[in-house]
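Taking it in order: structure first as structure tokens, then the write-up.
The values are calculated or read from the model by the stated rules, or taken from the named source; none is laboratory data. What you see is a predicted model, and the numbers here were worked out from it, not measured in a lab. Only protein heavy atoms, including side chains, enter the accessible area calculation; ligands, DNA and RNA are left aside. Shrake-Rupley method; radii C 1.70, N 1.55, O 1.52, S 1.80 Å.
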Amino acid sequence: MSTTHIQKREGELPTETELLVDRALQDLEAHSPELKKDLRPIQITSVKEVEVSAGRKAIVIFVPVPLLKAVHKVQQRVTRELEKKFSDRQVLFVAQRRIIRKPARINRTKQPRPMSRTQAVVHDKILDDLVYPTEIVGKRTRVKVDGSRTIKVYLDSKDATSLEYKLDTFSAVYKRLTGKDVVFEFPAEQAF
């Protein structure tokens, strides 16, 4: 069986979940002519299954950063079709980004670390990727008395009806990928 959409390093074998997603993408490419042209260049680097709540899971598909714009073109349609195929799971696309550690005396390099490789920027970009069809309109960090931090993310209220059921999935996946607690909300409309 050929893996047309999986991009791995030399010698790495794809996991069972990655093969399932690859097969589903191949089926989509074969059976929907309007998606065929847009799906052909898309590659996936890895796939993770994340436990959202009791019995519910989410599939996180990682794509290379240069292909993210191509994925965004068809993301809503592909997500809808993949969620039909994997009926008990929700599907999210995230770019595969790399964090380079802060230069110290021991691991000093010749080149400065790019800002796009810092932990803060990578975590912000993951947040943007998770909620892609909508936009983040506000973000607050709440520090409790015990020192724990919770990030409150406000999403665009025009997408409230279409994304309401995915908010806990966004939180669980972000917690799994970054280790940070986050709460997604839609801002209340204020009359002036």
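Some points to look at:
- Working note: Cα atoms of region 22-132, range along each principal axis, descending, whole Å: 55, 38, 21.
- Exposure of HIS72 as accessible area (Å², to 10), given a probe of 1.4 Å and all protein chains: 40
- Straight Cα distances below 18 angstrom link LYS37 to the aspartates and glutamates ASP22, ASP27, GLU29, GLU81, with same-chain residues fewer than 8 positions distant left out.
- Carbon plus sulfur fraction of accessible area for the chain, probe 1.4 Å, in percent: 50
- Centroid-to-centroid, using Cα positions, region 26-60 and region 120-186 are 22 Å apart.
- 13 Å Cα-Cα reach of LYS144 towards aspartates and glutamates, excluding residues that sit fewer than 8 places from it in its own chain: ASP181
- Only helical runs count toward this figure. For the chain, summing -39,500 (n - 2.57) over DSSP H runs of n ≥ 4 and dividing by all residues gives -11000 deg cm²/dmol at 222 nm.
- Full-extension gain in nm, ARG108 to THR161, via 0.36 nm per residue minus C-alpha separation: 14.2 nm
- On the principal axes of its alpha-carbon atoms, the chain has extents of 54, 53, 33 Å, going from largest to smallest.
- For region 16-85, the alpha carbon positions stretch 38, 26, 22 Å along the principal axes, listed from largest to smallest.
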